[in-house]
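This report refers to the structure that appears directly beneath it.
What follows draws every value from the coordinates through simple rules; no lab data is involved. Since we're looking at a predicted model, the values are computed, not measured. Note: ideal-geometry Cβ built from the backbone for every residue, glycine included; neighbour counts use all protein chains shown.
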Amino acid sequence: MSVKSNKLVRPSARPLSAATAVAGAVAGILWGTGGVAWAQAAAQAGAQDQAPETVGGQSLQEVVVTATAQSVKKLDASYNIVAASAQDIQMANPASAAEIYKLSPGVWPEASGGQTGVNIDVAGFPLGGGDSPYFTTMIQGSPVYGVPSLSFMDNSSLVRFDDTVERVEIVQGGPSALFTQGQAGATANFLLRTGSDKSTGSLGVTYGFEGMERVDVFQSGKLGEGWYGSIGGFYRVSDGVRDPQYPSDIGGQLTATLKHDLDGGYLMFWARTLQDKNQWVADFPYTVNNGTIDTYPGFNQLNSTWNSKQLQNFQVPDPLCHCFQNNDISDGRGANFNYFGSELKKSFGNGWSISNNFIFDGGKLNTHALINNGNPLSLADYITSQATGTGPWAAAGLTPADVNAVFPSGQPVAPGQNVILQQVWYIQKKLTSVIDEFRVIKEIFDNNNLTFGLYAAHYNMNDNWSLGPNVLTTNEPNAAPIIFTSSAGGNSYQLSSPQGLQANGGYYILQNGHATNVALYLSDSWKIGRWLFDVGARGEHLSLSQETSNLAAVQMGSATDLWDNAVVLPDGTYSHGDATHTRPTYNGGINFEFSDHMSAYVRANNGVRMQNFDDVRCNIYNGGTTSCPTHVPLQTQTNYEFGFKIQNRWMYLDASAYYKEFSGIAYQPKDINNVPIGPTSTYGSDSKGARFVGTVSPFATSDNQFLSGLLLTVNGIWEDATYKDHAGCFVYNDINGIPVCGAINGNQLARLPKFQVRVTPSATQTFNWGTLTEQLTYEHIGKRFQDESNLTPLPAYYDLGAGINARVGEKWEFRLLGSNLTNQIGLTEGNARFGGNTVQNNVGMGRSIVGREVNFTAKYFW
């Protein structure tokens, strides 16, 4: 199935492009008779002189709407953009919404932890990974939140993919730094299916071999003269490849649209409710044998998790009431979010037109998770470390012999039991966001169009964090907690809660904040023959305020409850943080059409990352002297790129080369003794690389159906990106908690591979009963490093996926998909809680892609 103009179209072995009709329609809607005549004329000319067939459905005549002042054909887009149809996405079999983004070469989503909480890195941008600050997710042209990321929130966690999506457009850099949120990294725009004159609908049922059952439904059609509607969504329940003994994923979403045709445009409203719970995991143990990564004995993280029924519920300290609340780990890292949006396109006479995109959303994005807090060890070694260290056991004078360890059943735990210390996380996050972007477009003279834009976003957050509790568990699939008691010196001590929790110390905070971003921009595009010039400037102002609770130790239990007699909780006062900035952004590009099927471009732009609530968060502990950090410089980026695009019946190629310079990473220069050697400074990075997306049809003109339907699609990037301008030592705490000094200038950017490639051979045949498509995807991810020190390598790996799609007549579709079919271990991250070399005794902590997963879908259309 392919989705074009919101209608389900039976695919052919070599699908024909409908881009000309789309281009003409969009041009007419946006600009009317008097505006942007060159776009409409180009679309009409393309109808007379375009390649007779596209390759794999790709067409340079396709019109895209993301990161452009109005809309533009791919041929004329002087920046890197990938447009993926719903069918493209479905056959890619993404494990989460974020995994769709790797269809754009250079975007690296570490989608190994589950549906949400994905780390998304972008080529040339350091300090990515956690919470994805350099990636913006949009729905129908509007960002889903006022900033790309916060602690425990990345934009991709707020979306799910289903049949209500028509396509996704993904842009890296270029003019995306000028429009909407001003994202200098990368942006994905989910465009929704709307109704049309013809009523269409579908019902799909999916079964996954990991115990997943899913239902998708969609219906659209004409509601009245000039009015169209659609509604659809999904519901899913899954045990998960890593089965936690309760549903790993459960929930769904519902999306509706209402569209009204206007004279010279349209008005569209859309709404969505998302209610989904997803298991989220971090690092698991692995072994290193002669430099080769292998599974840990007794724990295969490809299909195992510590989560279990015995570790499902914990009573954890609540910073709000200084009492205990239940943390149900089975609720995972899910979303309970509601959205309302609108889009207006309207053209007037004399070359005037306007557009407006609006979104209001809000809800909860909570996290319930178990996160490792060190490498595996024996129970005896753990007890010794606690009794001889500086914690409450040692302070009470307990010896290892005084400590009793039992399972919840009361059965004693053997001293040699392999165990792991885990943090119990409960983050309650309430978010609201309202964003509007208004544009006025005027054709100044023939083929010259000036766009004035106003972007405004106001957003809030209200958080309650319970991050401190620890629990010691067995280091095995579906683990059990270990409960500690002691009788010594005439006292009976509770060393853990009846659930095994140790809550003293910790980080239990309340925080709230609000911020407003306002940006004005001006963009001009000028078509002169086969040349297209565009320039633009943006000025953005940020006003942000944030409050974080100060902390003091609280005795929640008795003096002999050594697990909760010194819990660090809010003391009723708050520390204030704020940020106010006004910064400009510039952008310019030149595109030249060699023909209607080949073009080249150059582009230069800068970008800036405005601060968010996390950048100003601070608090005071026990009346101490801790103060808020000084405002650090903003992180800025400069990008230069060159691109080339070509299409004919044998090939489609979109390739580019770039150079990026990044600066503004704040740090305190120190010597090897951790002593400051100068004022607070910044460092940055340089990166240069090449990326490409291409499809080859080597036998396009063959009379043999099988040969003519063969395609080879390649998506890849090579990059050389290193740190620079870092003086003194790069100081970090190693796996033993000891400060270590290292140098990082010239080191590879953390978590980013130098090389990654995806190769997908496919073939489509047409029979009298319908069509059949087969494909195989080989993915290679190059060597990376966990952090800036480059001391913990994440080895290169590959994985293999496959799919078969059969369209039977006009009513039925069947699809069989599989991922990581050869069960490869592919570490996407290492131990994120320590620096340097975190491998001890040939054992490390990291997170691999999940093991083999196969699912089957049957769908009925009407």
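Return the FRET efficiency for the residue pair residue 401, residue 856: r is the Cβ-Cβ distance, R0 is 60 Å, and the value is rounded to the nearest 0.05. That pair, residue 401 with residue 856, gives E of 0.55. Listed by chain and number, the lysines whose alpha-carbon sits under 27 Å from that of residue 346, ignoring those within fewer than 8 places in the same chain, are 4, 7, 73, 74, 198, 222, 259, 442, 527. For segment 672-704 versus segment 101-151, the spacing of their alpha-carbon centroids is 15 Å.
Multiplying each eigenvalue of the alpha-carbon gyration tensor of segment 672-718 by 5 and taking the square root yields semi-axes of 56, 9, 5 Å, largest first, rounded to whole angstroms. Take the Cα of residue 602, step 7 Å toward its Cβ, do the same at residue 348, and the gap between the two points is 3.9 nm. Taking all C-alpha pairs of segment 724-800, those more than 16 Å from each other amount to 66 percent. Averaging Cα coordinates gives a centre for segment 263-321 and one for segment 228-245; these two points are 15 Å apart. Cross-link partners of residue 364 among lysines, defined as those whose alpha carbon lies under 21 angstrom from its own and excluding same-chain residues fewer than eight positions apart: 277, 429, 430.
Estimated from the Cβ-Cβ distance and a Förster radius of 51 angstrom, the FRET efficiency linking residue 833 and residue 638 is about 0.95. If you take the Cα centroid of segment 769-841 and the Cα centroid of segment 586-657, the two points sit 26 Å apart.
For the chain, a crude dipole built from +1 on the beta carbon of Lys and Arg and -1 on the beta carbon of Asp and Glu, taken about the Cα centre, is about 1280 debye to the nearest 20. Straight Cα distances below 18 angstrom link residue 102 to the lysines 754, 783, with same-chain residues fewer than 8 positions distant left out.
Annotation: the residues 609, 530, sorted from fewest to most other C-beta atoms within 10 Å of their own C-beta, follow the order 530, 609. Semi-axes of the equivalent ellipsoid of segment 73-127 are 22, 17, 6 Å, computed as sqrt(5λ) over the eigenvalues of the C-alpha gyration tensor in descending order. A dipole drawn for the chain from +1 and -1 charges on Cβ atoms has a positive end, and of 742, 695, 246 the residue lying farthest that way is 695.
Over 15 Å apart: what share of the alpha carbon pairs of segment 595-670 falls there, rounded to a whole percent? Taking all Cα-Cα pairs of segment 595-670, the fraction more than 15 Å apart is 72 percent.
Once the chain from residue 380 to residue 842 is taken as fully extended at 0.36 nm per residue, the excess over their C-alpha distance is 164.3 nm.
With the convex hull built on the Cα atoms of segment 193-265, state its orientation-averaged projected area in nm². Mean shadow area of the hull around the Cα atoms is 5.8 nm². Calculated translational diffusion coefficient of segment 443-576 (4 °C, 1.567 mPa s; Stokes-Einstein with Kirkwood radius over alpha-carbon pairs) equals 64 µm²/s.
State which stretch of the chain is the longest one without any exposed GluC sites (Glu not before Pro), exposure meaning a DSSP loop state and at most 13 other Cβ atoms within 10 Å. In short, 226-809. Between residue 783 and residue 621, residue separation times 0.36 nm minus the direct Cα-Cα distance comes to 54.2 nm. Here the simple spin-label model places points 7 Å from the Cα toward Cβ, and for residue 690 and residue 592 these points are separated by 2.0 nm.
Helices in the chain, meaning DSSP H runs of at least 4 residues, each add -39500 (n - 2.57). Divided by all residues, the mean residue ellipticity at 222 nm is -1500 deg cm²/dmol.
Segment 47-166 has equivalent-ellipsoid semi-axes of 28, 16, 13 Å, by the square roots of 5 times the alpha carbon gyration tensor eigenvalues, sorted largest first.
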